[in-house]
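Computed from the coordinates by the stated procedures, all read-outs in this text should not be read as laboratory data. Since the model is a prediction, treat every value here as computed from it, not as a measurement. Here the Cβ positions follow ideal geometry from the backbone for every residue, glycine too, while neighbour counts run over all protein chains shown.
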Amino acid sequence: MRIDKYLWSVRYFKTRSIATQACKKGAVRINNATVKPSRDVYPADNVTVRKNQVNYTLKVIEVPKSRVGPKLVDLYRVDTTPKEAFQHQELLKYSKEYYRKRGMGRPTKKDRRDIEDYKKEEE
């Protein structure tokens, strides 16, 4: 089965075209080699998918015939993503909310001056 179809069928991507685009951009690797969307997947392959700034790693157990339900996904892959990757994503989320809350608009003149003063202190 093609890698784009596999990632779609085990529900890493919502549509197959999104999975294809991820492969073309180099966000999908099989056994540490970037692949094209047409590359076949075999059992015992190690797949790495970069999605939302997280590197998901999984091991292929079996190749499904078609898209499977969420409860059956674990029959076809083993997720070996380290927990540190998800912790890093949480830290990124908090760092974005620290300075400015979502929907607050553009920085004010005072905010810009504060940023410039902070940059000068670092130099």
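General observations
- The chain, helix-only ellipticity at 222 nm - DSSP H runs n ≥ 4, -39,500 (n - 2.57), divided by all residues, nearest 500: -12000 deg cm²/dmol
- Computed extension gain for Lys120 through Leu72, at 0.36 nm per residue and net of the alpha carbon distance, reaches 11.8 nm.
- In a reduced charge model with +1 at each Lys and Arg Cβ and -1 at each Asp and Glu Cβ, region 1-81 shows a dipole moment near 360 debye about its Cα centre.
- Ser9, Ser38 arranged by Cβ crowding within 10 Å, fewest neighbours leading: Ser38, Ser9
- Listed by chain and number, the lysines placed with their C-alpha closer than 20 angstrom to that of Lys119 are Lys96, Lys109, Lys110; residues fewer than eight positions away on the same chain are left out.
- Whole-Hz couplings from phi, Karplus 6.51/-1.76/1.60, listed for region 106-121; x for Gly and Pro: 6, x, 7, 4, 5, 4, 4, 5, 4, 5, 5, 4, 5, 5, 5, 5
- For Lys51, the residues 5 or more places off, or on other chains, whose built amide H falls under 5 Å of its own are Tyr56.
- Summed residue charge, Cβ within 14 Å of Glu121's Cβ, Lys/Arg positive, Asp/Glu negative: -2
- Taking 0.36 nm per residue of separation and subtracting the current Cα-Cα distance, fully stretching the chain between Asp40 and Leu91 would add 14.8 nm.
- Identified option (computed mean projected area of the Cα convex hull in nm²; candidates (1) 10.6; (2) 8.1; (3) 6.7): (1)
- Unit charges at the beta carbon, dipole of the chain: most positive-side option, Ser9, Leu75, Gly26: Ser9
- Taking each of Lys14/Lys59; Lys5/Lys36; Lys36/Lys83; Lys5/Lys83; Lys36/Lys65 in turn, the alpha-carbon distance tops 18 angstrom for Lys14/Lys59; Lys36/Lys83; Lys5/Lys83; Lys36/Lys65.
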